[in-house]
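Coordinate-derived values only; no laboratory data. Note that the structure is predicted; figures quoted are calculated from it, not measured. Heads up, the Cβs are rebuilt from the backbone with ideal geometry, glycines too, and the neighbour counts pull from every protein chain shown.
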Amino acid sequence: MSPVSLNHLGCVLVLALLLTACRPRDEAQPTATSWQLDPQPTLTLTSDRLPEGHELNGIYSALEMPDGSLLIANSGAHELLLVDSVGQYLRTVGRSGQGPGEYSDNLHLFHGEGDTVVVYDGQGLRWTFLTPSLELARTVVEYNADLPRPTWLYQGSLVTDARIRQNRARAREILTRVRSRDPGFEHLLIARQDAQGAVWVRPLEDAREWEVYQGTDTTYAQVTLPPGLDLIAIGKEAVIGVTRDSLGEEQVQVHRLDRPPGTIRPLIEAEAEAPAPTAVERPPLARDLVNLVTAQEGYYSNHARYAEVADSLRVRIEGGGRLFILYADERHWAGVAVMPSTGLTCGMAVGCPTPASWQEGVPV
């Protein structure tokens, strides 16, 4: 792994002025209902159901297609796999390489305008746009302002959009309301804005229990995932996840979701991305992020792996921030720093794969 240059950390301010201060605590008690998720999968896709050379490896993303088929980002093989609604292999889209329609590392899928599909290739820093029939339309190299980041930070929350151009105003309102129950930022929130406009939220430390908010009021639905299921996509009537068998082999599962009809508000036309502010002097939170990177490298030198929780590290907290580790193992980690007094949230990833649209070693 190449060393991370701490000089990059000076740009940690790029998004600082985009984040608003915490609102006053909302005393209204939330009202919960329960959505039924079938514990038995309606589809289980294993590598032995696929042609040789297309085994499942590195599945971070999938999309439910309009005709009921399933498009899977098979990052380990640098390709997309298309299977029908019962898991029958249909075809492979793309291949390993650096050219148009080729992929090189961790892949993430998002809905584009209409029925188009957008593929983000993390290592190649490329965005590939596919037609509804999954033919190559165009490729964009490296991030630019016309490509909103599908994974973004807001008020102590890491949010992933199901659509490449998703309306975020309602998601921000919902997350602000959820945050009012934890104004001290004791927990980092993981959130997904699905293609139907609902926002799914859970604390970092609990991967199974999700709260689903369809509006900005205090009502929400509770969804409990089956044990061992890592959620990677949310469809209209199903959730898609990855599990591992006793040998550690990846499997893709689809579980039917009973989502009450007529409860999802239609999506609003996406707002334009706000321009990035001019960088100013590095704030105290940036120093905390620098110290987190330094502490993780020290931990790695002693243990041959990165620390999975911030409490395992001896980090100097100079700016009063709270530090969270999203994930960590022998080859990569990602962390988030939050300033409780303002809600300013910054992140950093080292090694690959990174959260979708993050670049290794570059603060977001």
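What FRET efficiency, computed as 1/(1 + (r/R0)^6) with R0 = 35 Å and r the Cβ-Cβ distance, is obtained for Arg244 and Ser34, rounded to the nearest 0.05? Can you show the working numbers first?
Values: r = 27 Å, r/R0 = 0.78.
The value I calculate is 0.80.
Separation of the range 40-110 and the range 127-187 by C-alpha centroid, Å?
22 Å
Please rank Tyr300, Tyr103, fewest neighbouring Cβ atoms within 10 Å first, as an exposure proxy. The partial results should precede the final answer.
Details: Tyr300 18, Tyr103 28.
Starting with the residue having the fewest Cβ neighbours, the order is Tyr300, Tyr103.
For each of Ile317, Ile190, count neighbouring Cβ atoms within 10 Å of the residue's Cβ, then give the residues from fewest to most. Let's see the in-between values first.
Values: Ile317 15, Ile190 20.
Least to most surrounded, the residues fall as Ile317, Ile190.
Give the peptides 92-100, 351-359, 154-162, 133-141 in descending order of average Cβ contacts within 10 Å, highest first.
Values: 92-100: 14.7, 351-359: 20.0, 154-162: 23.8, 133-141: 13.0.
By packing density, highest mean first, the sequence is 154-162, 351-359, 92-100, 133-141.
Explain nothing, just the number: dipole magnitude of the range 43-141 about its Cα centre with +1 on each Lys and Arg Cβ and -1 on each Asp and Glu Cβ, in debye rounded to the nearest 20.
Numbers: 5 positive and 13 negative charges, 36 e Å.
With Lys and Arg at +1 and Asp and Glu at -1, about 180 debye.
Quick one: if you stick a label point 7 Å off each Cα along the C-beta vector at His54 and Thr218, how many nm between them?
Those two pseudo-labels are separated by 5.1 nm.
Can you figure out the FRET efficiency of Ser85 with Asp206, using R₀ = 35 Å and their beta-carbon distance, to the nearest 0.05?
Details: r = 30 Å, r/R0 = 0.87.
The pair Ser85/Asp206 has a calculated efficiency of 0.70.
At a Förster distance of 35 Å, what's the computed FRET efficiency of Asn167 paired with Thr42, Cβ-Cβ distance as r, to 0.05?
My answer for the efficiency is 0.70.
For Thr116 paired with Tyr327, estimate the spin-label separation in nm (one decimal), with each label point 7 Å from Cα along the Cα-to-Cβ line.
Modelled inter-label distance: 2.8 nm.
Could you give the length gained by full extension between Ser341 and Thr131, i.e. 0.36 nm per residue of separation minus their alpha carbon distance, to one decimal place?
Values: separation 210, 0.36 × 210 = 75.60 nm, distance 4.49 nm.
So the extension gain works out to 71.1 nm.
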